[in-house]
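Worksheet: one structure, shown below.
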Amino acid sequence: MHHHSLRPVTTLALVALFVPLAALAQDEATTTAVAEAATGIVPLLMRWLHVFGAIFLLGGAFYLRTVLMPAAAENLEGESAQKLRQGVMARWRKILPILMLVLIVSGFYNYLAVTRFAHEGQGQYHMLFGIKFLLAFAVFMLASMLSGKKAIAQKLQQNAGLWLGITIAMGVAIVMIAGYMKLM
Ligand code: HEM
């Protein structure tokens with residue numbers, strides 16, 4: 001077989017070999033950067049902490065809004081309804097700051113120690129992070145006020161169903177943004 005006739009075959013073989021590798025390398029450029037920045041147990045622990053913080057905070061708000069509040073309204077009234085509300089808020093008020101601290105610490109770690117390196121020069125990624133960050137603090141503020149004791153908090157609690165609904169909607173938006181950021 002002449003040497004010339006092999007060229008197209010060789011070229012094809014090289015293309016077949018390198019194109020996927022190039023694509024992998026391209027993806028790997030990002031995933032490797034994340035993987036390199038995320039080696040070791042700490043990034044994994046921080047990612048778990050962040051996901052559990054999100055699950056318990058949004059799950060708690062969702063349960064309050066869709067199960068506990070309607071059930072209490074249907075089955076309790078007057079003093080006993082008030083007693084249950086105060087009891088629930090007193091407990092939630094203790095748990096919320098822990099969940100917020102977990103989300104803030106793990107979130108900053110995720111960004112400052114892991115993901116920002118993988119997304120250098122990706123303005124859209126950092127913009128989405130900024131939007132997610134602001135939404136997160138709006139959720140923290142509303143969740144704290146809905147379980148708070150101050151006059152302004154009690155004013156908000158008169159329309160707890162609406163404000164809890166808004167808090168949950170913002171939480172859903174945060175998770176959707178995070179899911180998109182993960183794929184960038
Ligand atoms: C209500 C508050 C928050 C919720 C519900 C939330 C939810 C989430 C979820 C579900 C993820 C995806 C986790 C994964 O698949 O690994 C995520 C990722 C992330 N979150 Fe949050 N988060 C919140 C607050 C924050 C805060 C306050 C920060 C920063 C201080 C932050 C920074 C990040 C970063 C950097 C990522 C990684 C994104 C990526 O993979 O590129 N989050 N968040």
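Stokes-Einstein D for the range 140-184 at 4 °C, 1.567 mPa s, Kirkwood Rh over Cα pairs, in µm²/s? Stokes-Einstein gives a translational diffusion coefficient of 112 µm²/s.
The residues H119, H50, sorted by heavy-atom accessible surface at 1.4 Å with ligands and nucleic acids left out, run H50, H119 from largest to smallest.
Set against the 2.2 N^0.38 Å expectation for a compact globular protein, the range 84-184 has a Cα radius of gyration ratio of 1.25. For a quick check of understanding: with a 1.4 angstrom probe and all protein chains in place, what accessible area in square angstrom does K150 have, to the nearest ten? Looks like 150 Å² after rounding.
The values are calculated or read from the model by the stated rules, or taken from the named source; none is laboratory data. Since we're looking at a predicted model, the values are computed, not measured. Accessible surface areas use protein heavy atoms only, side chains included; no ligands, DNA or RNA. Shrake-Rupley method; radii C 1.70, N 1.55, O 1.52, S 1.80 Å.
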